[in-house]
Structures are given as C-alpha cells and as structure tokens.
Amino acid sequence: MKKNFGFGCMRLPMIDDIVDREQFKKMVDIFIKEGFNYFDTARVYISGQSEKEIKICLTDRYPRDKYILTDKLTASCFQKESEIIPFFEEQLALTGVEYFDYYLMHALNIDFYAKFENCNAFKVAKELKKNGKIKHIGISFHDKADVLDKILSDHPEIEIVQIQFNYADYDDPKIQSKALYDVCEKYKKPVIVMEPCRGGSLINIPKLGKDIFEEEGGSCASYAIRFAASYPSVVMVLSGMSTIGQLRENVGFMKSFKPLNNKERVAIDKVHKILINQDIINCTACRYCVEGCPQKISIPDLFTVYNKKKQFNDGNSDLNYRNNTIIKGLGLASDCIKCGKCESICPQHLPIIENLIKVASIFE
Ligand code: SF4
Ligand code: SF4
C-alpha cells in the first residue's frame with residue numbers, strides 16, 4: 001500500500017544561505033518520478049526563498065495537474081483584513097500558480113487565532129475558495145487540544161488540519177500529538193502530519209536507540225515516518241528533506257508503505273524511553289525565531305551544537321559554536337537580552353532564554 005507522502009519545503013538543500021537550486025530540481029524530479037506529488041511551502045520558509053524556488057524548480061517545469069501545492073497565510077505577514085488578498089496574490093505570483101490546492105491558516109495558536117479572527121481571515125479564505133483560487137481551506141496548528149477543539153467548532157469550513165505528530169511528542173504535555181489527533185477525529189477532519197522526525201532529532205538518536213531499530217530492521221527515519229503514517233486519519237506525512245539521500249530513503253519505504261507491526265511498536269517504545277532521558281533541547285530548527293532576534297542569535301544552530309555535544313560529545317562542537325557566532329558575525333548565546341520575542345513565536349514552546357543560558361555555560 002502506498003501512503004501519501006509530502007515534500008515539506010522548509011529545509012531545502014542549501015549552499016551557505018542560498019537554496020541549492022540544482023539539487024532541489026533533482027529532488028523534485030525524483031519525487032515526482034517515484035509517484036509522489038504533494039509540496040508544502042510558506043512565505044516564512046527559508047526567509048521567502050522556499051516560495052520562489054518552488055516556482056523555478058517545480059511549477060515552471062511541470063504541468064499543473066502533476067503536483068498538489070499547499071501554501072499558508074502566516075500571522076506575521078498581515079496586520080489587517082485588507083492586506084490579506086494582496087499578500088495572497090503575491091504568493092500566487094511568487095510560486096507561479098493560479099490557485100493553491102490547499103491554503104492553510106498557518107501555525108495557529110490561541111494568540112494567532114485571535115488575530116486571524118479579528119482580521120476575518122477565514123471569511124477571506126472562503127471568498128478565495130468561492131473564486132477558485134483555493135481548492136481547500138485548512139489550518140496548521142501548534143497549541144493545546146482544547147484550543148484546536150474551539151477552532152474546529154467555530155469554523156466548520158476547515159477541511160484539513162496539519163498537526164505535529166510523532167512518537168516522541170505523542171504524550172508530550174506541551175505538544176499533545178495524540179490529543180490533537182483525537183480532536184481531528186472527533187470533527188472528522190483528515191490529518192496532515194508535520195515534524196514526523198521532530199526536526200531531525202528522531203534521526204540523530206543515540207547509538208543505543210539506533211541499535212534497537214537496526215535489530216528489527218529499518219532506519220530511524222522509517223520508524224518515525226511510518227509511525228505517523230500508521231494512523232488511519234493521517235492522509236499525508238510531510239518530511240522536510242535536505243538531501244537527495246534523505247529523499248531516496250524516504251520515498252523508498254513510503255512507496256511500499258507498511259504500517260508498523262507489534263514488534264516495531266515495541267522497538268519504538270524502547271527508543272522513546274531512551275530519548276526521554278536525554279539532556280537535549282527539542283528544537284525542530286523551524287527557524288521562526290531567527291529573523292526577529294535583535295541580537296542576531298542563530299538560536300536553532302546553537303541548540304544543534306549544544307545537542308551534538310550532549311548526545312555524542314562531538315569534538316567539533318566548540319568550533320561549530322564559534323562558526324555560528326563570532327565567525328559569521330552573529331550573536332553569542334550570552335548576548336541574549338531576554339526580550340522574549342523568540343519565545344512568543346516558538347511553536348515548540350521552548351524556554352529559549354533559559355536554554356541559551358545553558359548553551360553559554362557550556363561554550364563560553
Ligand atoms: S530573548 Fe534573546 S534570543 Fe530571544 S529574541 Fe530576544 S535577544 Fe533574541
Ligand atoms: S527555538 Fe523554537 S522557533 Fe526557534 S527554531 Fe527552534 S523550534 Fe523553531
């Protein structure tokens with residue numbers, strides 16, 4: 001059985017700070033040739049590069065019926081109702097299409113939802129759908145289950161819901177993957193899964209965990225993605241792939257998708273117990289926090305360096321810390337002025353300020 005598998009265009013292959021266009025084109029070609037067609041983007045992905053590269057690498061090169069394209073309305077991209085349509089038209093032009101298959105109200109939480117309501121964003125989306133510019137209205141969501149319940153009850157026009165769903169966040173009290181999934185089922189909404197590998201942290205797991213998976217057969221990615229895809233209301237699992245190797249591996253096991261069997265579920269439980277006891281920062285490297293930081297601190301990169309030091313005692317960590325701070329002219333962890341801008345936007349609800357203090361204590 002093939003389960004639908006989508007290309008999340010948030011972590012495209014990069015050369016320094018620029019998308020590696022040739023590699024992305026090759027990835028698009030392989031993905032489509034292997035029988036997949038779903039692409040997901042947003043204005044804020046890679047500081048606007050994602051939408052532009054979608055046009056150059058996908059929509060200029062393939063007929064419209066060969067792909068499904070999802071874009072999003074992000075709270076930081078509009079301040080009032082009258083700004084939504086011009087922003088939307090700009091998105092169509094940038095991505096090179098005349099309509100989006102899915103248009104999601106992006107990263108809703110209780111605060112952003114209030115803004116979307118005040119600006120009548122759902123009403124505008126319904127108009128766009130009526131005019132054929134959107135085929136389906138949806139939301140992507142980062143908050144507690146009761147907030148999702150309220151939104152779905154307020155807006156029956158929502159056709160699909162994108163949630164963070166993976167085995168590490170399944171029972172997590174902040175992310176609440178399982179509880180969010182249950183709310184979607186209650187309202188009979190199909191589910192798109194984001195972060196099945198939790199930003200890569202379910203791939204780069206300790207050796208003990210890798211050994212458990214290897215014993216059963218299969219890679220860390222295959223366990224994480226198949227875990228999400230095994231749930232019946234999940235119609236699409238996204239993966240933010242950055243290399244051809246990752247793409248080939250993922251399409252390989254998703255083309256002939258098999259739900260997890262009991263032995264594989266036991267293996268996941270064992271690995272999950274190992275991960276819970278790790279001292280790492282659960283940043284998914286979405287980079288939403290980076291642009292607004294007045295101190296130019298490359299927050300996710302510093303968290304990655306910290307995690308590698310803690311998990312693997314990586315000998316290059318100190319060098320990588322310098323590279324992601326002083327050498328690139330970016331802020332040190334200790335330059336944080338505790339303004340809180342990053343914490344208010346972090347979909348993982350991380351205590352970023354506190355974590356930066358930990359990072360500084362190790363590397364400075
Ligand atoms: S709290 Fe610190 S890291 Fe966060 S945005 Fe402000 S200065 Fe940057
Ligand atoms: S700290 Fe939060 S907002 Fe920043 S990259 Fe990590 S998960 Fe995303």
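The values are calculated or read from the model by the stated rules, or taken from the named source; none is laboratory data. Note that the structure is predicted; figures quoted are calculated from it, not measured. Please note: Cβ atoms are built from the backbone with ideal geometry, for glycine as well, and neighbour counts cover all protein chains shown. Heavy atoms of the whole protein, side chains included, go into the accessibility calculation; ligands, DNA and RNA do not. Shrake-Rupley method; radii C 1.70, N 1.55, O 1.52, S 1.80 Å.
Structure notes:
- Hits in segment 342-364 - residues which are within 20 Å of the chain's Cα centre (by Cα) and either assigned to a helix (DSSP H, G or I) or surrounded by 14 or more Cβ atoms within 10 Å (Cβ to Cβ) (or both): Cys342, Glu343, Ser344, Ile345, Cys346, Pro347, Gln348, His349, Leu350, Ile352
- Residue match in segment 338-353 (condition: closer than 22 Å to Leu208 by Cα, within 12 Å of ligand 2 (Cβ to nearest atom) and out of contact with any Phe, Trp or Tyr (no Cβ under 9 Å at 6 or more places or on another chain)): no
- Here Gln246 fulfils each of the conditions (1) within 16 Å of ligand 2 (Cβ to nearest atom); (2) within 18 Å of Leu12 (Cα to Cα) apart from (1).
- Only a single item in (1) out of contact with any Lys or Arg (no Cβ under 8 Å at 6 or more places or on another chain); (2) closer than 26 Å to Phe5 by Cβ; (3) surrounded by 18 or more Cβ atoms within 10 Å (Cβ to Cβ) is not met by Val124, and it is number (2).
- Criterion (under 30 Å from Ile327 (Cβ atoms), among the acidic types (Asp, Glu), in contact (Cβ under 8 Å) with a residue 12 or more places away in the chain and surrounded by 15 or more Cβ atoms within 10 Å (Cβ to Cβ)) met by exactly one of Glu34, Glu53: Glu53
- Of the residues making up segment 198-232, those that are at pLDDT below 95 and under 20 Å from Ala285 (Cβ atoms) are Arg198, Gly199, Gly200, Ser201, Leu202, Ile203, Asn204, Ile205, Pro206, Gly209, Ser219.
Residue-by-condition table, conditions (1) within 30 Å of Ser140 (Cα to Cα); (2) within 16 Å of ligand 2 (Cβ to nearest atom); (3) in a loop (DSSP other than H, G, I, E, B):
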| residue | (1), (2), (3) |
| --- | --- |
| Gln278 | yes, no, yes |
| Asn282 | yes, yes, yes |
| Gln295 | yes, yes, yes |
| Lys308 | yes, yes, no |
| Gly315 | no, no, yes |
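- Test: Phe213 is buried (at least 18 other Cβ atoms within 10 Å of the Cβ) and farther than 30 Å from Asp335 by Cα: yes
- Positions within segment 269-298 being within 16 Å of ligand 1 (Cβ to nearest atom), of a type in the set (D, E, K, R) and surrounded by fewer than 18 Cβ atoms within 10 Å (Cβ to Cβ), in sequence order: Glu291, Lys296
- Residue list for segment 317-338, restricted to those being part of a loop (DSSP other than H, G, I, E, B), open to solvent by less than 70 Å² (accessible area, probe 1.4 Å) and near ligand 1 (Cβ under 10 Å from one of its atoms): Gly331, Cys336
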